[in-house]
1. List the longest stretch of the chain that has no exposed loop site; here a site is one of the GluC sites (Glu not before Pro) assigned by DSSP to anything other than H, G, I, E or B, with at most 16 other Cβ within 10 Å.
2. Taking 35 Å as R0, compute the FRET efficiency from the Cβ-Cβ separation of residue 153 and residue 187 and round it to 0.05.
3. What is the local net charge at residue 29, summed over the other residues whose Cβ is closer than 15 Å to its Cβ (Lys, Arg +1; Asp, Glu -1)?
4. What percentages, rounded to whole numbers, describe P(r) for the chain computed over all alpha carbon pairs with 5 Å bin width beginning at zero?
5. For an R0 of 35 angstrom, estimate the FRET efficiency from the Cβ-Cβ distance between residue 107 and residue 25 and round to the nearest 0.05.
6. Whose amide H sits under 5 Å from the amide H of residue 202, counting only residues 5 or more places off or on another chain, with H placed in the peptide plane?
7. Beyond 15 Å, how much of the Cα-Cα pair distribution for the range 131-193 remains, as a whole percent?
8. With θ set to phi - 60°, apply the Karplus curve 6.51 cos²θ - 1.76 cosθ + 1.60 along the range 192-198 and write out the HN-Hα couplings as whole Hz, x wherever there is a Gly or Pro.
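Derivation of every value follows stated rules applied to the coordinates shown; laboratory data play no part. Computed from a predicted structure; not experimentally measured. In this analysis, Cβ positions are derived from the backbone assuming ideal geometry, glycine residues included, and neighbour counts consider all displayed protein chains.
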Amino acid sequence: MMETKWLYLILNSFTISIPFIRSFEPRIAYYKTWPALFKAIFIVGTFFVVWDIIFTDIGVWGFNPKYLSGIELAGLPLGEYLFFITVPYACVFIYVVLNYFWPKNRFFDKHASNINYILMSLGITLSIFYYNLLYTFWTFVFLTAFLAFLEFKLKPKWQGKAYRAYTVALLGFFLINGILTGTGIEEEVVWYNELHFVGLRMVTIPVEDTFYGLLLILMNIWLYEYFRGSTKLFTNEN
């Protein structure tokens with residue numbers, strides 16, 4: 001089953017399957033927030049797709065045709081476009097479920113700013129030391145800039161809950177991204193040019209992927225909450 005040209009599409013289907021089925025559970029009623037969710041996914045996905053197209057074109061990363069359906073646009077396979085839909089869908093679902101069943105979030109709410117400062121310090125340091133590594137540099141530049149926006153401008157009440165959700169989502173991340181980067185299969189679905197990242201891997205996953213994923217999810221939650229009317233777009237909450 002793993003050694004198939006449909007593997008990337010299968011992984012996308014697996015990622016979204018349970019969240020989609022449970023979207024209609026009456027207590028959560030995730031489907032009722034679809035208008036806000038899909039607006040967020042479209043806007044954030046556009047940013048990441050453009051980034052993806054550029055990096056694919058210049059050889060920072062690429063895709064193994066052995067595991068692809070053959071359907072592609074602008075150099076990206078169909079599975080890659082779906083990745084920016086299924087992963088945010090599933091992660092925001094986790095965020096919503098955790099907020100519903102466990103509204104108290106003392107640790108992450110208390111330490112959200114500390115986490116921001118730690119990650120911003122890390123991002124600035126790595127951006128300086130690895131300015132010549134395109135994946136490392138731009139991932140930490142974008143993440144640091146967005147965290148600075150959250151910390152100093154927006155000051156959202158949801159950020160601690162977003163960190164909690166992403167922490168839980170990392171369980172699925174290591175499974176899906178592990179397979180995409182070669183864990184358990186003969187080759188990798190997504191390959192990375194070693195000239196453009198620091199070379200540290202968690203088994204097969206480049207460490208940068210964790211921070212890339214964090215940026216993807218934080219941006220989606222930001223716009224999801226904005227389109228739901230529960231947060232401002234650029235200024236702090238009243």
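1. Working: sites that count: 3, 186, 187, 194, 237.
With GluC sites (Glu not before Pro) excluded where exposed in loops, the chain gives 4-185 as its longest stretch.
2. Details: r = 43 Å, r/R0 = 1.24.
Step by step, r from the Cβ atoms, then E = 0.20.
3. Values: positive: 22, 27, 32, 228; negative: 25.
Local charge sum for residue 29: +3.
4. Going from the shortest bin to the longest, the percentages are 1, 6, 13, 18, 20, 17, 13, 8, 3, 1, 0.
5. Details: r = 26 Å, r/R0 = 0.76.
The pair residue 107/residue 25 has a calculated efficiency of 0.85.
6. Amide H neighbours of residue 202, under 5 Å, 5+ apart: 207.
7. Values: 1340 of 1953 pairs.
Value for the range 131-193 (Cα pairs over 15 Å): 69 percent.
8. Going residue by residue, I get 10, 6, 5, 7, 10, 8, 5 Hz, with x marking Gly and Pro.
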